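The values are calculated or read from the model by the stated rules, or taken from the named source; none is laboratory data. Note that this is a predicted model, so its numbers are computed, not measured. Positions of Cβ are backbone-derived with ideal geometry, glycine not excepted, and every protein chain shown enters the neighbour counts. The accessibility values were calculated without ligands, DNA or RNA, using every heavy atom of the protein model including side chains. Shrake-Rupley method; radii C 1.70, N 1.55, O 1.52, S 1.80 Å.
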Amino acid sequence: MFDDHGREPGTGDRRARVRAVRRRLAQEGPPRTRGGAADFETISVPEHACDRLRDLLIAEGAQTVVEIGLAYAGSALAIGEALVTIDPPRPRHIIVDPYQDGDWSRAGWDLLCSAGLDPIASLLSTPSSIALPRLLTEGLVADAAFVDGSHRFHEVFVDLYFLRKIVRPGGLIVLDDVWSPSVRTALRYYERNLGWTVVPDAFPREPGAPTAAVDDPRAEPAPRCTAVRLPDPSFEPPFEEFRTF
């Protein structure tokens, strides 16, 4: 990662460059969108939630992060800022998004490149149900993952199944849109049966946001994102035991 004069910038310079792109994205939006005027605001993780994600990863000392879904790169830039801040010897940011080239016209990837993050990031343009088993077979071990891909229950469930094997014991998995019944239900299985625990107060509740209990008008607003910690050591429950979720 070099500047315009062929010099390798320091950590502060690289962090400032990422922050400048993040700021511009939040203020001006992406250079292009896939359609409606509000698509960026609807799809992207809010800047303050991205800040929380960044801070979580920094506190974790994450060196390798897997991300499902790129879109306009709001969360990806925050992950990149965390990795640049930590500055490990070999940072890796593996992003899975089969729609980046088509639906998103590479808007997110181009923003990552403009932030100078492409040397540490790689984009896998295949469905996560194909990409994650390949990463597992290759022996990838990640410190954390961010999940914001398909919100269909079976696809979220499969993402979490493979990430459980990729993210190290005791590592973090952060999910977006946990207010969605399909996402929340998939996560609930792993909480009840595999010892995943929610990191309290990792993300604030969103005023005016949907509730996790969508049928209960008295329920509190749900946070946009939820962070969970995997057990250490990992374990497999006896097949005779099953807790409904």
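Relative contact order (percent) for the stretch 60-176, with alpha-carbon contacts under 8 angstrom and 6 or more residues of separation?
Details: 185 pairs, mean separation 35.2, N = 117.
In percent, rounded to a whole number, it is 30.
Divide, for the stretch 68-165, the radius of gyration over alpha carbons by 2.2 N^0.38 Å, where N is the residue count.
For the stretch 68-165, the normalised Cα radius of gyration comes out at 1.04.
Explain nothing, just the number: dipole magnitude of the chain about its Cα centre with +1 on each Lys and Arg Cβ and -1 on each Asp and Glu Cβ, in debye rounded to the nearest 20.
Working: 28 positive and 36 negative charges, 35 e Å.
The calculation lands at about 160 debye.
Taking amide H positions as placed in the peptide plane 1.01 Å from N, state which residues far from F146 in sequence (5 or more) or on other chains have amide H under 5 Å from it.
So F146 has HN proximity to V66, E67, I68, V174.
Let me check the size of the chain from its C-alpha atoms; what are the radius of gyration and Dmax in Å?
Reported Rg and Dmax, both Å: 17.8, 63.
Can you compute 3J(HN,Hα) from phi for each residue in the stretch 54-68, using the Karplus curve 6.51 cos²θ - 1.76 cosθ + 1.60 with θ = phi - 60°, rounded to whole Hz and x for Gly and Pro?
Coupling constants for the stretch 54-68: 4, 5, 4, 5, 5, 4, 6, x, 5, 10, 10, 10, 9, 10, 9 Hz.
Quick one: which residues, 5+ away or cross-chain, put their amide H under 5 Å from the amide H of Q63? H built at 1.01 Å from N.
The answer is D143.
Based on alpha-carbon positions alone, could you give the equivalent ellipsoid semi-axes of the stretch 1-127 from the gyration tensor, as √(5λ), descending, whole Å?
Details: eigenvalues 100, 48, 45 Å².
Output for the stretch 1-127: semi-axes of 22, 15, 15 Å.
Which whole-Hz ³J(HN,Hα) couplings does the stretch 160-170 yield from phi under the Karplus relation 6.51 cos²θ - 1.76 cosθ + 1.60, θ = phi - 60°, glycine and proline marked x?
Result, ordered by residue: 5, 4, 6, 5, 4, 8, 8, 6, 4, x, x Hz.
Measuring from a point 7 Å past the Cα of I130 along Cα-to-C-beta, which residues in the stretch 34-73 have an amide N at less than 19 Å?
Label zone hits: 67-71.
Hey, got a sec? Which GluC sites (Glu not before Pro) in the stretch 62-151 land in a DSSP loop and have at most 16 other Cβ atoms within 10 Å?
On the way: sites: E67, E81, E138; in loops: E138.
Of the GluC sites (Glu not before Pro), the ones in loops of the stretch 62-151 whose Cβ has at most 16 other Cβ atoms within 10 Å are E138.
Within the stretch 88-201, what whole-number % of the accessible surface is contributed by carbon and sulfur, with the 1.4 Å probe and all protein chains included in the calculation?
Working: 2540 of 4740 Å².
Here it works out to 54 percent.
Taking the Cα centre of the stretch 21-71 as origin, sum charge times position over the Cβ atoms of Lys and Arg (+1) and Asp and Glu (-1), and report the length of that vector in debye to the nearest 20. Mind showing how you got there, number by number?
On the way: 7 positive and 8 negative charges, 40 e Å.
With Lys and Arg at +1 and Asp and Glu at -1, about 200 debye.
State, as an integer percentage, the relative contact order of the chain based on alpha-carbon contacts under 8 Å between residues 6 or more apart. It would help to have the intermediate numbers written out before the result.
On the way: 413 pairs, mean separation 40.2, N = 245.
Value for the chain: 16 percent.
Under a 1.4 Å probe, what is the accessible area of the chain per residue, stated in Å²? Can you show the working numbers first?
Working: 12090 Å² over 245 residues.
Result: 49 Å² per residue.
Read phi for every residue in the stretch 15-26 and hand back ³J(HN,Hα) as whole Hz from Karplus 6.51 cos²θ - 1.76 cosθ + 1.60, θ = phi - 60°, with x for Gly and Pro.
Whole-Hz 3J(HN,Hα) from phi for the stretch 15-26: 5, 4, 5, 5, 4, 5, 5, 4, 5, 5, 4, 5.
Taking Cα pairs under 8 Å and at least six residues apart, what relative contact order does the stretch 95-141 come out at, in percent?
Details: 32 pairs, mean separation 23.9, N = 47.
Here the relative contact order equals 51 percent.
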